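To start, the structure itself, in structure tokens.
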């Protein structure tokens, strides 16, 4: 049987160097790499790589599960996916994308033996996928959180994010601040943890200010944003500022406000939270955003999972990073009321 | 050694049903699936799945290579990636995402024996990745085209797309139509095929109309779009309509035109080609777009590769689909010149 040592001898390099090339874990000079590839080809080493994975019960493949990727992937989700894939590659792992994760896909994951572990996105307060992973002992890390804070997770710190958004608007004199979130088809106990946590932080902040809350929930689309503008206008006419936790509705909210004869930020200030700088720049006027730490968190999630797999982790990681305020042109002084 | 037959007997189902669950290829009733998973767990069948892949020299894993995914993935690229992943899953294959494809990643692909085949995106006119895949005999399909039209590919029909955009603008009386494309760091012979082909179609259309062409190349960002507006204004002041083949610059072009005192579409009509309907809706005024057939082409690319792997293909597929015109509010009658 051909071993990695045979390849190393044939290519006249160390075994470590062969490993760097095969696992893609370290930069190797092009000429050296070409020699190693030639040796692998000549010795027909290909199948032995898979055999080695079998012998070690490890495939160095991770799965990323997201329920809605095909439907309407938003810019922030994509940053998470790409940074997780990049983080995995840097440590010599490959990331498989599972754009759906119904029961079929979970069975494939659990029964197939293909992957060493899984990353879950769009985590719900109660999430049956997590229950199945725990039962099957497949290692995992969450991008998001269930109600159980003991599981390994990385997440946006929605409480700190909402608090900072409220504070920013308050510094411009706003008292009547509404929250616009995203409608999901899930029953309340299954809704994404991010919506639950952001709403709780918002309600807490409004209570501290002695203001009654105004929460509107719409689809994550331009049509949803226009609906939000109308609903705020009819049901909460005192509103002078909006915090959006629904990036897909951002452009529609601005267009909807304008259609009602409101100027942004003259009549209505807007902060779009948990989104990208680029989205803010696309809209007229440029939106003030709270940029999601997606590039950092995707990598940290991959690290959290790989640390588990490689046994270099004492306690499950619990990482929270708030969004970063990026001022645009959509926040201004609160209009004075007669 | 535990076989799939053992699992089938223990779970009291057919071998085919076990295969459906393991490969995720067909819907199986939840109760049946649970029985099969329990049998797999009890018999410790996991490693045998990998063993089977080894025995057949097949892993049922496909790689998707894209050079720029982490930098600034645009909406259309994401639709390609997601639809390819979905298409692969429907035929029982998993799609690994390779967000970089420098030489390190190519070596990992060629030497690792991990994947059965590869899909390439952002294909260049001359693409060294393609040369290496051909040399190593790893099956592949292109999303895009090199200069060699005999390779298996799916691609947007840029010629038909540009022709339709020109025709649409002509029907509004436009004579002076500019093209804005995306700047890449590649030398001309390595630039993405889509830019080369769209430009050729545009030059051909302008020659047919007896008009001198106006081509501006900028970064795929809001800043790039504003630069394009200024450059058109200074160098091609007769321009009354723009075809964009640079979706990242769309919003910036509108903002930049406005900053120069031009109204859209009063003074300048805009069509953004090869992008998504959603991007058009986000911008004010809503852009007329040529929507990319990304959801279809991603799946067709996965099919093209899998057909090769499964030997159900006589000739390499050559699939071209044009974009679809989605009228918005950014195209109007050409302004009359004194």
Fill in the blank from the handout: Checked the stretch A:79-88 for anything at the interface with chain B (Cβ under 7 Å from one of its Cβ atoms) and in contact with a strand residue (DSSP E or B) (Cβ under 7 Å, 6 or more places away or on another chain); matches are A:85
Practice task
Would you check if residue A:262 is under 30 Å from residue B:277 (Cβ atoms) and either assigned to a loop (DSSP other than H, G, I, E, B) or away from chain B (no Cβ under 14 Å) (or both)?
Solution key: yes
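Residues to consider are B:310, B:329; find the one that is in contact (Cβ under 8 Å) with a residue 40 or more places away in the chain and surrounded by fewer than 21 Cβ atoms within 10 Å (Cβ to Cβ). Before the answer, list the steps.
Numbers: B:310 fails: in contact (Cβ under 8 Å) with a residue 40 or more places away in the chain.
Answer to the selection: B:329.
Any idea how many residues of the stretch B:19-31 are assigned to a helix (DSSP H, G or I) and over 34 Å from the mean Cα position of the chain (by Cα)? Spell out how you get there, then give the answer.
From the stretch B:19-31, those assigned to a helix (DSSP H, G or I) are B:19-23, B:30-31; that's our starting set.
Next, only the ones that are over 34 Å from the mean Cα position of the chain (by Cα) stay: B:30-31.
Going through the stretch B:19-31 one residue at a time, the tally reaches 2.
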Exercise for the section: Determine whether residue B:197 is in contact with a strand residue (DSSP E or B) (Cβ under 8 Å, 6 or more places away or on another chain), modelled with pLDDT under 95 and in a helix (DSSP H, G or I). Expected result: no
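Somewhere in the stretch B:239-247, is a residue in a loop (DSSP other than H, G, I, E, B), under 22 Å from residue A:278 (Cα atoms) and more than 12 Å from every other protein chain (Cβ to nearest Cβ)?
The initial filter retains those residues of the stretch B:239-247 that are in a loop (DSSP other than H, G, I, E, B), namely B:239-240, B:245-246.
After this cut, where a residue has to be under 22 Å from residue A:278 (Cα atoms) as well, the list is B:245-246.
In the following step, the residues that additionally are more than 12 Å from every other protein chain (Cβ to nearest Cβ) were identified as B:245-246.
Yes, the stretch B:239-247 contains a residue that is in a loop (DSSP other than H, G, I, E, B), under 22 Å from residue A:278 (Cα atoms) and more than 12 Å from every other protein chain (Cβ to nearest Cβ).
Would you mind stating whether residue B:7 is at pLDDT 75 or above, facing chain A (nearest Cβ under 10 Å), buried (at least 24 other Cβ atoms within 10 Å of the Cβ) and more than 32 Å from the chain's Cα centre (by Cα)?
For residue B:7, the condition - at pLDDT 75 or above, facing chain A (nearest Cβ under 10 Å), buried (at least 24 other Cβ atoms within 10 Å of the Cβ) and more than 32 Å from the chain's Cα centre (by Cα) - is met.
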Completion exercise
Given (1) assigned to a loop (DSSP other than H, G, I, E, B); (2) modelled with pLDDT of 80 or more; (3) more than 9 Å from chain B (Cβ to nearest Cβ), residue A:35 misses just (1)
Exercise for the section: Residue by residue through the stretch A:200-223, note down the ones that are under 24 Å from the mean Cα position of the chain (by Cα), without any contact (Cβ under 8 Å) to a residue 40 or more places away in the chain and either buried (at least 17 other Cβ atoms within 10 Å of the Cβ) or not in a helix (DSSP H, G or I) (or both). Expected result: A:215, A:216, A:217, A:218, A:219, A:222
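Looking at residue B:175, is it within 24 Å of residue B:120 (Cα to Cα), in contact (Cβ under 8 Å) with a residue 12 or more places away in the chain and away from chain A (no Cβ under 14 Å)? I'd like the intermediate steps shown before the answer.
Values: within 24 Å of residue B:120 (Cα to Cα): no; in contact (Cβ under 8 Å) with a residue 12 or more places away in the chain: yes; away from chain A (no Cβ under 14 Å): yes.
No; evaluated as a whole, the condition is false for this residue.
Please go through the stretch A:38-60 and pick out each residue that is at pLDDT 80 or above, part of a helix (DSSP H, G or I) and at the interface with chain B (Cβ under 9 Å from one of its Cβ atoms).
First pass over the stretch A:38-60, keeping only residues at pLDDT 80 or above: A:38-40, A:42-43, A:60.
Of the ones still in play, those that are also part of a helix (DSSP H, G or I) are A:38-40, A:42-43.
Selection gives A:40 alone.
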Exercise for the section: Scan the stretch A:310-334 for residues that are part of a loop (DSSP other than H, G, I, E, B) and at pLDDT below 95 and jot them down. Expected result: A:310, A:311, A:312, A:313, A:314, A:315, A:316, A:317
Practice task
Quick one: residue A:63 ticks every box in (1) more than 10 Å from chain B (Cβ to nearest Cβ); (2) at pLDDT 85 or above; (3) crowded, with 19+ Cβ neighbours inside 10 Å except a single one, so which number is it?
Solution key: (1)
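Being outside any helix (DSSP H, G or I), under 21 Å from residue A:80 (Cβ atoms) and without any contact (Cβ under 8 Å) to a residue 60 or more places away in the chain is true for just one of A:250, A:286, A:272. Which residue is that?
Numbers: A:250 fails: outside any helix (DSSP H, G or I); A:286 fails: under 21 Å from residue A:80 (Cβ atoms).
That would be A:272, the only listed residue that is outside any helix (DSSP H, G or I), under 21 Å from residue A:80 (Cβ atoms) and without any contact (Cβ under 8 Å) to a residue 60 or more places away in the chain.
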Fill in the blank from the handout: Checking B:138, B:100 in turn, the sole residue that is within 14 Å of chain A (Cβ to nearest Cβ), modelled with pLDDT under 90 and either surrounded by 24 or more Cβ atoms within 10 Å (Cβ to Cβ) or touching a strand residue (DSSP E or B) at 6+ places or on another chain (Cβ under 7 Å) (or both) turns out to be B:138
Handout entry: Among (1) in contact with a helix residue (DSSP H, G or I) (Cβ under 8 Å, 6 or more places away or on another chain); (2) buried (at least 18 other Cβ atoms within 10 Å of the Cβ); (3) more than 18 Å from residue A:163 (Cα to Cα) - the single one residue A:304 does not satisfy
Key = (1)
Handout entry: Whichever residue in the stretch B:224-238 is in contact (Cβ under 8 Å) with a residue 24 or more places away in the chain and in a loop (DSSP other than H, G, I, E, B) and, among such residues, is nearest to the other protein chains (Cβ to nearest Cβ)
Key = B:236
Practice task
Could you tell me whether any residue of the stretch A:297-306 is outside any helix (DSSP H, G or I) and in the same structural domain as residue A:80 (by TED's automatic domain parsing)?
Solution key: no
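The values are calculated or read from the model by the stated rules, or taken from the named source; none is laboratory data. Please read these numbers as outputs of a predicted model, since none were measured by experiment. Heads up, the Cβs are rebuilt from the backbone with ideal geometry, glycines too, and the neighbour counts pull from every protein chain shown.
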